[in-house]
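Contents: one structure, followed by commentary.
The values are calculated or read from the model by the stated rules, or taken from the named source; none is laboratory data. Because the structure is a prediction, the values reported are computed rather than measured. With ideal geometry, Cβ positions are generated from the backbone for all residues, glycine too; neighbour counts draw on all protein chains shown. Heavy atoms of the whole protein, side chains included, go into the accessibility calculation; ligands, DNA and RNA do not. Shrake-Rupley method; radii C 1.70, N 1.55, O 1.52, S 1.80 Å.
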Amino acid sequence: IVLYAGNSSTQQINTNIKPEFVWIKARNATYNHGLGDVVRGANKLLQANTPNGEYPGTNCISAFGTNSFTVGDDDHVNDTGKNYVAWNWKANGSGSSNTDGSINTSKTSANVAGGFSISTYTGNATEGATVGHGLSKIPELVLVKKRSGSAGWYMYHSGFGATKNMEM
């Protein structure tokens, strides 16, 4: 977890790990939550608190470094006078395809020891379809978001049971 002050200019935010999934939120403003990751690439944010599709902010998270990420001047991630928190997770690089499920992922990056992975795939509207995740056991929590167009966030938790999910 990293705290930083916005400056409306490009700045590098140092972390203790290689941040491959970053969740940023202004602490003293009502800006949307911004989620970025190495699998989808730089300057592509999802907003955890909206049904909006991918936000193509060219001044959002512009780079993922070895022990840092770089933000531009977009309000979601770096506005002067605003204080931010960034939660960071390490996966396993920019990812590669995964054919373990009935739907192949275009990219999956998995940190098996940490029990965390990020995947992108194209859905096929098939009930009961499965998606490879790259982990050594069934995930306890899964978040799914359609990247194009407006659609809610869906969440599965092992405590719900295999056929149940919840919309965030």
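List, please: which pairs have Cβ atoms under 6 Å, are six or more places apart or on different chains, and start with a residue in the range 112-124 that is on the phi > 0 side of the Ramachandran plot and end with one that is open to solvent by 40 Å² or more (accessible area, probe 1.4 Å) and not in a strand (DSSP E or B)?
Correct list of pairs: empty, since none qualify.
I'd like the residue in the range 83-95 that is among the aromatic types (Phe, Trp, Tyr) and within 21 Å of TRP153 (Cα to Cα) and, out of all such residues, is surrounded by the most Cβ atoms within 10 Å (Cβ to Cβ).
Narrowing the range 83-95 to residues among the aromatic types (Phe, Trp, Tyr): 84, 87, 89.
With within 21 Å of TRP153 (Cα to Cα) added as a condition, the list becomes 87, 89.
Details: TRP87: 14, TRP89: 17.
Looking at residues that are among the aromatic types (Phe, Trp, Tyr) and within 21 Å of TRP153 (Cα to Cα), I get TRP89.
If I filter the range 62-77 down to residues being part of a loop (DSSP other than H, G, I, E, B) and open to solvent by less than 50 Å² (accessible area, probe 1.4 Å), which single residue comes out as modelled with the lowest pLDDT? Even if it seems obvious, please write down each step before you answer.
Narrowing the range 62-77 to residues part of a loop (DSSP other than H, G, I, E, B): 65-67, 72-77.
Among the residues that remain, those that are also open to solvent by less than 50 Å² (accessible area, probe 1.4 Å) are: 65, 72, 74, 76-77.
Numbers: GLY65: 96, GLY72: 94, ASP74: 91, HIS76: 88, VAL77: 95.
Checking each candidate, the answer is HIS76.
For the list (1) at pLDDT 95 or above; (2) on the phi < 0 side of the Ramachandran plot, I need the number of the one condition that ASN59 fails.
The number of the failed condition is (1).
Only one residue in THR80, THR99 is in contact with a Gly (Cβ under 6 Å, 6 or more places away or on another chain), open to solvent by 50 Å² or more (accessible area, probe 1.4 Å) and over 23 Å from MET155 (Cβ atoms). Which one? Break it down stepwise before answering.
On the way: THR99 fails: in contact with a Gly (Cβ under 6 Å, 6 or more places away or on another chain).
Going through THR80, THR99 in turn, the sole match is THR80.
In the range 129-165, how many are assigned to a loop (DSSP other than H, G, I, E, B) and not hydroxyl-bearing (Ser, Thr, Tyr)?
Residues meeting the conditions: 18.
Determine the pairs where a residue that is closer than 13 Å to ILE118 by Cα and modelled with pLDDT of 95 or more, located within the range 18-31, has a partner that is among the charged types (D, E, K, R) and open to solvent by 20 Å² or more (accessible area, probe 1.4 Å) with Cβ atoms under 9 Å apart, the partner being 6 or more residues away or on another chain.
The qualifying pairs are PRO19/LYS90; GLU20/LYS90; PHE21/LYS90.
If only one of LYS145, LYS137 is basic (Lys, Arg) and within 20 Å of MET166 (Cα to Cα), which one is it?
Selected residue: LYS145, the only one of LYS145, LYS137 that is basic (Lys, Arg) and within 20 Å of MET166 (Cα to Cα).
Limited to the range 103-123, what total is found for residues that are in a loop (DSSP other than H, G, I, E, B) and open to solvent by less than 80 Å² (accessible area, probe 1.4 Å)?
4
Could you list all residues from the range 1-33 that are farther than 15 Å from ASP74 by Cβ, in a loop (DSSP other than H, G, I, E, B) and either touching a Ser or Thr at 6+ places or on another chain (Cβ under 8 Å) or open to solvent by less than 20 Å² (accessible area, probe 1.4 Å) (or both)?
THR15, LYS18, PRO19, GLU20
Which pairs turn up if I take residues in the range 156-168 that are over 18 Å from ALA129 (Cβ atoms) and modelled with pLDDT of 90 or more and look for partners that are open to solvent by 80 Å² or more (accessible area, probe 1.4 Å) and among the basic types (Lys, Arg) with beta carbon separation below 9 Å, at least 6 apart in sequence or on another chain?
Filtered contacts from the range 156-168: HIS157/LYS164.
Answer yes or no as to whether ALA110 is touching a His at 6+ places or on another chain (Cβ under 9 Å) and of a type outside the set (S, T, N, Q).
Considered against the rule, which asks whether it is touching a His at 6+ places or on another chain (Cβ under 9 Å) and of a type outside the set (S, T, N, Q), ALA110 comes out as yes.
Can you go through GLY57, GLY36, GLY41 and tell me which one is open to solvent by less than 40 Å² (accessible area, probe 1.4 Å), free of Cβ contacts under 8 Å to residues at least 60 places away in the same chain and in a strand (DSSP E or B)? Don't jump to the end; show me each part of the working.
Working: GLY57 fails: in a strand (DSSP E or B); GLY41 fails: in a strand (DSSP E or B).
Being open to solvent by less than 40 Å² (accessible area, probe 1.4 Å), free of Cβ contacts under 8 Å to residues at least 60 places away in the same chain and in a strand (DSSP E or B) holds for just one of GLY57, GLY36, GLY41, which is GLY36.
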